[in-house]
Amino acid sequence: MNIGLREMALKGIIIKKVSIVKKMYFYYLLLLPVIAYFILFHYIPMYGVQLAFKDYRILDGIAGSPWVGLKHFIRLFTGPFFGQILSNTLIISFYRIVFGFFAPIVFALLLNEITNIWLKRITQTISYLPYFISWVILGGIMIEMLSPSRGVVNYVITLFGGEPIYFLTEPKYFVSILIISGIWQSVGWSSIIYLAAISSIDAEQYDSAYIDGANRFHMMLYITLPSIKSIIIILFILGFGGVLSSGFDQIFNLYNAAVLSVADVIDTYVYRVGLNDMQYSYSTAVGLFKNVVGFILVILCNFIVKKISEDENGIW
Amino acid sequence: MHKYCKTKGDIVFDIFNNVSMILLCICFIYPFWDVIVLSFSSPKTASNLGLRIFPIDFSLDAYKEVLRSEVIYSGLYNSLFRTIIGTVLTTILTYFGAYGLSKKKLPFRNAITLFILFTMFFGGGLIPSYMLVKDLGLMGSRWSLILPGLTNAWFLIIARNFIMELPESLEEAALLDGASPFQMICKIMLPLSLPIISVIALWSAVGHWNSWFDAMIYCKVQGKLVLQLVLRMILIEKTPAGTGILPGGVLYASNTKTTPETVKAASIAITIFPIICTYPFLQKYFVKGIMIGALKG
């Protein structure tokens with residue numbers, strides 16, 4: 001009797017264990033295609049990075065091509081283009097951070113103060129729209145807007161008595177065009193995260209500020225803004241992780257030979273030397289340089305953010 | 001916070017804020033409006049410098065010209081192909097993968113997650129990926145636009161986080177009732193996961209519809225060009241003077257009723273039309289997606 005019970009209990013445990021193993025087996029089965037995908041399309045290209053240390057020969061393939069050590073990196077660092085593409089990349093990223101980063105914060109603050117719910121909704125819908133349209137089309141639209149013979153920008157300039165400007169072929173305007181059109185494309189969308197943070201602020205704070213005689217502008221400045229401070233800091237630091245990626249899609253669809261001196265960034269350079277000039281190994285080396293530095297920056301920024309959010313007991 | 005009586009300063013602030021927001025909206029929407037008006041304009045007004053509020057002499061000729069060219073239709077077909085097939089495959093693969101990843105007891109779960117997350121921060125880069133597609137024999141095939149981007153770490157993580165919030169007791173109850181794990185997922189968990197599935201499907205669809213770079217490097221083959229690439233040729237590449245044909249093969253000077261600009265504008269309008277029509281209704285799902293992703297990030 002006693003033994004029988006024990007046997008049954010044991011059986012139950014075994015069945016349960018088997019069913020757990022079966023379940024786990026099933027979950028692995030679900031994960032298998034995903035893992036296979038990442039190996040094939042992400043880790044095999046990482047293996048292909050060895051190309052940066054080799055001279056690629058089509059007949060030998062990636063594995064069979066001869067090693068050349070740091071030849072391509074030396075060529076990159078001592079070559080005439082490196083200083084230019086690196087400084088172009090950093091300049092564009094710098095302005096993007098200075099203007100592009102703060103624009104959505106200001107936008108979110110103003111959006112939050114709109115009292116008319118319909119105006120608020122329409123503004124949100126309109127401002128998110130460009131984010132869903134590719135830079136091919138946005139680039140086409142920009143070309144039209146900035147056209148010296150038909151564009152509205154030059155119309156306004158002539159209205160004030162100026163001469164039409166060939167914006168897209170003028171190096172001194174190109175970076176500004178990138179920054180402004182970049183803000184146009186993403187300011188609304190980037191403001192969502194700040195709006196969400198604002199909506200979680202305790203309403204009592206506003207009540208007591210009101211009793212103390214604060215007006216709306218004061219509240220915005222002294223309650224709303226400080227409350228979202230931590231998320232602003234976090235996103236600001238994370239933004240530095242991407243300083244070497246300055247928006248390939250946008251630049252590639254707007255640049256041309258006339259502005260190459262300011263518009264050529266690492267990503268466009270990698271594309272041109274790699275796929276136009278077919279310098280596979282050299283292009284891989286340039287890309288690898290960018291990826292490694294970018295990786296270190298991202299890890300560093302994430303590390304700093306973690307430190308800060310632990311100290312601050314932040315939203316995350 | 002808006003229930004208080006307003007002070008003078010508040011009213012001034014309100015007016016200033018609302019007016020500046022309306023002006024900002026006009027700035028945001030005007031470029032689109034300008035191009036749409038241009039697409040309905042006749043050559044005479046199309047070459048003028050000025051604001052385009054309404055088409056002055058309304059004309060549909062640019063649209064006729066665009067819709068006459070075969071490359072637009074094949075582009076539309078190819079774009080729909082990659083968008084539909086790509087979205088379906090991405091959604092299925094991501095959801096089931098994320099389901100496996102959501103099980104806390106799964107051995108090596110953290111290692112697998114790290115394995116996937118790592119690809120967010122580091123990659124082989126352009127040339128190694130290009131060589132891979134070449135070696136797989138996908139060059140010039142429509143699958144080169146679908147397979148390399150089947151899923152990504154971001155989708156998997158937001159889906160995993162969503163599934164982890166679902167009550168596990170439901171799962172056990174279904175299994176106790178004799179359902180197979182697969183039935184359990186499809187009949188019980190999947191319907192509960194529709195919010196995250198729609199978010200992934202929508203992002204994936206927009207991504208596919210807007211992609212052009214992969215098509216440019218992997219699949220620049222006559223008859224297989226996606227719409228964005230056709231558009232890129234029409235809009236960005238230089239118009240050859242005097243031939244009457246835009247790059248990409250759209251005619252513009254078969255008559256005197258159109259100019260390169262009106263034809264370009266019409267092709268922009270045709271491409272953004274599906275987005276503009278559906279986007280206001282889908283907007284909240286996109287916002288929801290970014291919320292799920294951001295708060296757990």
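Brief remarks on what is shown
- Each stretch of four or more DSSP H residues adds -39500 (n - 2.57); spread over every residue of chain B, this sum gives -21000 deg cm²/dmol at 222 nm.
- Restraint check, A:Lys120/A:Lys306; A:Lys71/A:Lys290; B:Lys44/B:Lys64; A:Lys120/B:Lys288; A:Lys22/B:Lys105, Cα-Cα greater than 23 Å: A:Lys120/A:Lys306
- Solvent-accessible surface (1.4 angstrom probe) belonging to B:Val221, in square angstrom, nearest 10: 60 Å²
- Accessible heavy-atom area order of B:Ser267, A:Ser199, B:Ser129, highest first, probe of 1.4 Å: A:Ser199, B:Ser129, B:Ser267
- Inter-label distance for A:Ala257 and A:Ile39, nm, one decimal - labels placed 7 Å from Cα along Cα-to-Cβ: 4.8 nm
- Split the accessible area of the range A:208-274 by element, probe 1.4 Å, and carbon with sulfur accounts for 66%.
- For the peptides A:213-225, A:255-267, the ranking by packing is A:255-267, A:213-225, with the highest mean count of neighbouring Cβ atoms within 10 Å listed first.
- Ligands, DNA and RNA are left out, and with a 1.4 angstrom probe the accessible area of chain B is 46 Å² per residue.
- Radius ratio Rg over Rh of chain A, counting only Cα atoms, Kirkwood formula for Rh: 1.12
- Taking amide H as placed 1.01 Å from N in the peptide plane, the amide H of A:Lys54 sits under 5 Å from that of A:Val68, each at least 5 places away or on another chain.
- Between the alpha-carbon centres of the range A:54-83 and the range A:204-238 there is a gap of 54 Å.
- Shielding by partners - mean other protein chain Cβ count within 10 Å, residues of A:248-256: 2
- Percent of C-alpha pairs per 5 Å bin in the range A:158-218, short distances first: 4, 13, 11, 11, 12, 10, 9, 9, 9, 7, 6, 0.
- Under 5 Å, built H, 5+ apart or other chain: amide partners of B:Ser211: none
- Using a probe radius of 1.4 angstrom, the carbon and sulfur fraction of the accessible surface of the range A:71-159 is 73%.
- In order through the range B:277-282: 3J(HN,Hα) via Karplus (6.51 cos²θ - 1.76 cosθ + 1.60), integer Hz, x for Gly, Pro: 6, 8, 4, x, 7, 9
- Once the mean of 1/r is taken over each pair of separate Cα atoms and inverted, the range A:217-316 shows a Kirkwood hydrodynamic radius of 16.3 Å.
- FRET efficiency for B:Phe16 and A:Ile91, using Cβ-Cβ distance with R0 set to 25 Å, rounded to 0.05: 0.15
- For the range A:137-186, fraction of C-alpha pairs farther apart than 13 Å, in %: 57 percent
- Stretchable slack from B:Tyr285 to B:Ser47, in nm (0.36 nm times residue separation minus alpha-carbon distance): 81.6 nm
- Dmax and Rg, reported as Rg then Dmax, of the range A:54-105 (C-alpha, Å): 18.5, 54
- Residues A:Phe303, A:Phe240 ordered from highest to lowest accessible area at a 1.4 Å probe: A:Phe303, A:Phe240.
- Shape class of the range A:91-147 from the Cα gyration tensor (axes a ≥ b ≥ c, square roots of the eigenvalues): oblate, since a/c reaches 1.5 or more and a/b does not exceed b/c.
- Per-residue average of Cβ from other chains inside 10 Å of B:113-124: 6
- Cα convex hull volume per residue for the range A:133-287 (Å³): 159 Å³
- For the range A:50-172, the Rg and Dmax computed from alpha carbons only, in angstrom: 23.5, 68
- Cα point-scatterer Debye curve for the range B:21-139, base-10 log of I(q)/I(0) at q = 0.13, 0.16, 0.22 Å⁻¹: -0.89, -0.98, -1.24
- For chain B, Kirkwood radius (reciprocal of mean inverse C-alpha pair distance, Å): 23.0 Å
- Applying the Karplus relation 6.51 cos²θ - 1.76 cosθ + 1.60 with θ = phi - 60° to the range B:258-274 yields 3J(HN,Hα) values of 10, 10, x, 5, 5, 5, 4, 4, 5, 5, 4, 4, 5, 6, 7, 3, x Hz, where x marks Gly and Pro.
- Phi angles across the range B:8-25 convert, under the Karplus curve 6.51 cos²θ - 1.76 cosθ + 1.60 with θ = phi - 60°, into 3J(HN,Hα) values of 4, x, 4, 5, 4, 4, 4, 4, 4, 5, 5, 5, 5, 5, 5, 4, 4, 4 Hz, Gly and Pro given as x.
- Shape metrics for the protein assembly as shown, restricted to C-alpha atoms - Rg then Dmax, Å: 27.4, 106
- Surface analysis of chain A yields an accessible area of 50 Å² per residue, using protein heavy atoms and a 1.4 Å probe.
- Ellipsoid semi-axes in whole angstrom, largest first, where each is sqrt(5λ) of the Cα gyration tensor of the range B:83-204: 31, 17, 12
- Take the accessible area of B alone and of A alone, subtract that of the pair with a 1.4 Å probe, and the total buried over both chains is about 9000 Å².
- Here is the P(r) of the range B:134-174: all C-alpha pair distances, binned every 5 Å from 0, give 5, 18, 15, 12, 11, 12, 9, 8, 8, 3 in whole percents.
- Computed lengthening from A:Gln205 to A:Glu7, 0.36 nm per intervening residue step minus Cα-Cα distance: 64.8 nm
- The modelled label-to-label distance for the pair A:Lys306/B:Ile56, using points 7 Å beyond Cα in the direction of Cβ, is 6.4 nm.
The values are calculated or read from the model by the stated rules, or taken from the named source; none is laboratory data. As the structure is a computational prediction, the values presented were derived from the model and not from experiment. Using ideal geometry, Cβ is built from the backbone for each residue, glycine included, and neighbour counts are taken over all protein chains shown. With ligands, DNA and RNA removed, areas are computed over all heavy atoms of the protein, side chains included. Shrake-Rupley method; radii C 1.70, N 1.55, O 1.52, S 1.80 Å.
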